[in-house]
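Novice: Structure below; questions to follow.
The values are calculated or read from the model by the stated rules, or taken from the named source; none is laboratory data. This is a predicted model, so every value here is computed, not measured. Here the Cβ positions follow ideal geometry from the backbone for every residue, glycine too, while neighbour counts run over all protein chains shown.
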Amino acid sequence: MTDVAKITLYHAPRTRSSGVRILLEELGAPYEPRLLNLKLGEQQKPDYLAINPLGKVPAIEHGGVVITEQVAIYLYLADAFPAARLAPAIGDPLRGPYLRWLAFYGSAFEPAIVDRSQGRAPESRGISPYGDYDAVMSAIQAQIAKGPYLFGERLTAADLLWGTALRWTTSFGLVPATPEITGYFERIVSRPSARKVGRLDHELTAAQEIAAQG
Ligand SMILES: N[C@@H](CCC(=O)N[C@@H](CS)C(=O)NCC(=O)O)C(=O)O
């Protein structure tokens with residue numbers, strides 16, 4: 001019988017689902033990872049496409065409901081476990097900025113980064129969802145400058161998303177590794193939750209590489 005209280009996390013190590021796993025650890029939420037080996041193309045198998053038709057991780061299942069897309073998952077989980085205080089509640093003056101920076105991640109930062117990685121300039125400022133790359137980077141850098149977290153002293157789920165994302169985007173050379181950006185994401189990725197997920201991902205990656213070699 002399915003345990004409705006338990007969250008299923010569709011996870012592939014060292015991907016965007018690692019950030020969600022960090023969030024689950026921070027929340028102390030009961031969860032079970034369901035592993036996908038991307039090297040074997042398991043994300044494109046019918047079983048998984050029935051969960052996420054885009055064939056992407058992360059996805060979660062909770063109480064019979066499937067949620068895909070990082071931003072939706074962070075919002076959902078942080079609200080579902082309020083005791084961890086990672087989501088400013090409705091009515092809190094920080095709720096609007098919190099929603100803004102989560103949405104900014106998905107609707108401006110990721111498209112800007114993907115275009116950058118492909119060496120594509122946005123077609124035109126008017127059509128692009130983010131305007132231009134420099135404007136996106138200036139906006140997030142100004143927000144980080146409030147420090148130590150996006151909203152000053154208050155750590156939220158948005159920091160877990162941004163901290164993990166800025167680590168991989170700087171390591172791919174897509175975002176400048178300024179001392180402010182590096183200092184910001186180090187505060188996030190040095191947390192015990194992130195270190196634990198890093199260790200687990202290391203083991204999972206090794207096992208998946210062996211499996212992929214056949
Ligand atoms: N829009 C998705 C993007 C997720 C995504 O790009 N996931 C990558 C891993 S980091 C993936 O699943 N790649 C596998 C593939 O495309 O085959 C979200 O925000 O959750």
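Novice: Starting from residues that are in contact (Cβ under 8 Å) with a residue 40 or more places away in the chain and over 13 Å from the mean Cα position of the chain (by Cα), keep the ones in the stretch 53-80 and report whichever is surrounded by the most Cβ atoms within 10 Å (Cβ to Cβ).
Specialist: Checking each candidate, the answer is His62.
Novice: Could you please tell me which pairs satisfy a Cβ distance under 7 Å, a separation of 6+ or placement on different chains, a first residue in the stretch 150-176 that is assigned by TED's automatic domain parsing to the domain that holds Leu27, and a second residue that is among the aromatic types (Phe, Trp, Tyr) and surrounded by 23 or more Cβ atoms within 10 Å (Cβ to Cβ)?
Specialist: Cβ pairs passing all conditions: none.
Novice: Which residue pairs have Cβ atoms under 6 Å apart, sit 6 or more places apart or on different chains, and have a first residue in the stretch 1-19 that is over 13 Å from Lys56 (Cα atoms) and within 16 Å of the ligand (Cβ to nearest atom) and a second that is in a loop (DSSP other than H, G, I, E, B) and at pLDDT 95 or above?
Specialist: Ile7/Ala29
Novice: Okay, next question. State whether one or more residues within the stretch 86-107 are within 16 Å of the ligand (Cβ to nearest atom), in a helix (DSSP H, G or I), without any contact (Cβ under 8 Å) to a residue 24 or more places away in the chain and within 17 Å of Leu27 (Cα to Cα).
Specialist: No, because not a single residue in the stretch 86-107 is within 16 Å of the ligand (Cβ to nearest atom), in a helix (DSSP H, G or I), without any contact (Cβ under 8 Å) to a residue 24 or more places away in the chain and within 17 Å of Leu27 (Cα to Cα).
Novice: Can I ask one more? Considering only the stretch 109-138, how many residues are more than 19 Å from the chain's Cα centre (by Cα) and either part of a helix (DSSP H, G or I) or closer than 30 Å to Ala29 by Cβ (or both)?
Specialist: Result for the stretch 109-138: 4.
Novice: For the stretch 34-51, indicate whether the set of residues that are under 20 Å from Pro82 (Cα atoms), touching a helix residue (DSSP H, G or I) at 6+ places or on another chain (Cβ under 8 Å) and buried (at least 19 other Cβ atoms within 10 Å of the Cβ) is non-empty.
Specialist: Looking for residues that are under 20 Å from Pro82 (Cα atoms), touching a helix residue (DSSP H, G or I) at 6+ places or on another chain (Cβ under 8 Å) and buried (at least 19 other Cβ atoms within 10 Å of the Cβ), one finds none in the stretch 34-51, hence no.
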